[in-house]
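Visitor: Can you keep this structure in mind? I'll have questions shortly.
Laboratory data are not the source of any read-out in this text; all were calculated from the coordinates shown. Bear in mind the structure is a predicted one, so any value in this text is a computation, not a measurement. No Cβ is skipped: glycine too gets one built from the backbone with ideal geometry, and neighbour counts run over all protein chains shown.
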Amino acid sequence: MPKVQQTGAHGNGRRGRGARVSTSLAEINVVPLVDVMLVLLIIFMVTAPMMTQGLAVNLPQARRAQPVNAQPLYVTIPASFSRDRIVQINNDDVRVDILQERMKQAMLERTDHSVFVRADGSVTYQDLVFVMDKLKEGGVEHVGLATRPAQR
């Protein structure tokens, strides 16, 4: 609670200008701090799910695409594949030279030896076939190409 100190015109040799209000340091107002912390908490709760994103891939469109019902294993080929030679198995970055071994390990744990390839629209056909060859060498029996439905 703020304390009011009266200062008069004839006290201490100072001019009197009315009541002076002083607060003690033990009475710091924490309400604005709590308000700011709650706003920051809400901001982080809203933005955190947006930050967990894989590689940005521009999938080609297909008119007769069918939805997938099983729990698929995705191999993503980004547009930067020709430079860095890195693909992504689900959410793990993998160099293409060890892709064959990683697929052998993944196929040991699965009964379905199918893989879906998500390739950026700018990936060359040669790069796509190269990755598909590595997948076949790794024990993949069926390779599906993921597309998005055509916009009408």
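Visitor: Where does each of LYS134, LYS104 land when they are ranked from fewest to most other beta-carbon atoms within 10 angstrom? Intermediate results must be reported in sequence, preceding the final value.
Guide: On the way: LYS134 20, LYS104 13.
Starting with the residue having the fewest Cβ neighbours, the order is LYS104, LYS134.
Visitor: Residues with amide H under 5 Å of ALA119's amide H, sequence separation 5 or more or different chain, H placed in the peptide plane at 1.01 Å from N; which?
Guide: ILE77, ALA146
Visitor: Taking a ≥ b ≥ c as the square roots of the Cα gyration tensor eigenvalues, with a/c under 1.5 meaning rounded and otherwise prolate when a/b beats b/c, else oblate, which class fits region 61-149? Let's see the in-between values first.
Guide: Details: a/c = 1.79, a/b = 1.03, b/c = 1.73.
Oblate is the answer for region 61-149, as a/c is 1.5 or above yet b/c matches or exceeds a/b.
Visitor: Same structure, new question: Starting with the fewest neighbours, write out THR124, THR147, THR111 ranked by other beta-carbon atoms found within 10 Å of each beta-carbon. Walk me through the intermediate numbers first.
Guide: Values: THR124 12, THR147 16, THR111 5.
With the fewest neighbours first, THR124, THR147, THR111 line up as THR111, THR124, THR147.
Visitor: If neighbour count is taken as other Cβ atoms inside 10 Å, put MET132, MET51 in order from fewest to most. Write out the running numbers ahead of the final one.
Guide: Working: MET132 18, MET51 7.
Least to most surrounded, the residues fall as MET51, MET132.
Visitor: While we're on this one: Write out the GluC sites (Glu not before Pro) in region 93-139 meeting two conditions: DSSP loop, and at most 12 other Cβ atoms within 10 Å of their Cβ. Before the final figure, lay out the partial values.
Guide: Numbers: sites: GLU101, GLU109, GLU137; in loops: GLU109.
Hits after loop and neighbour filter: GLU109.
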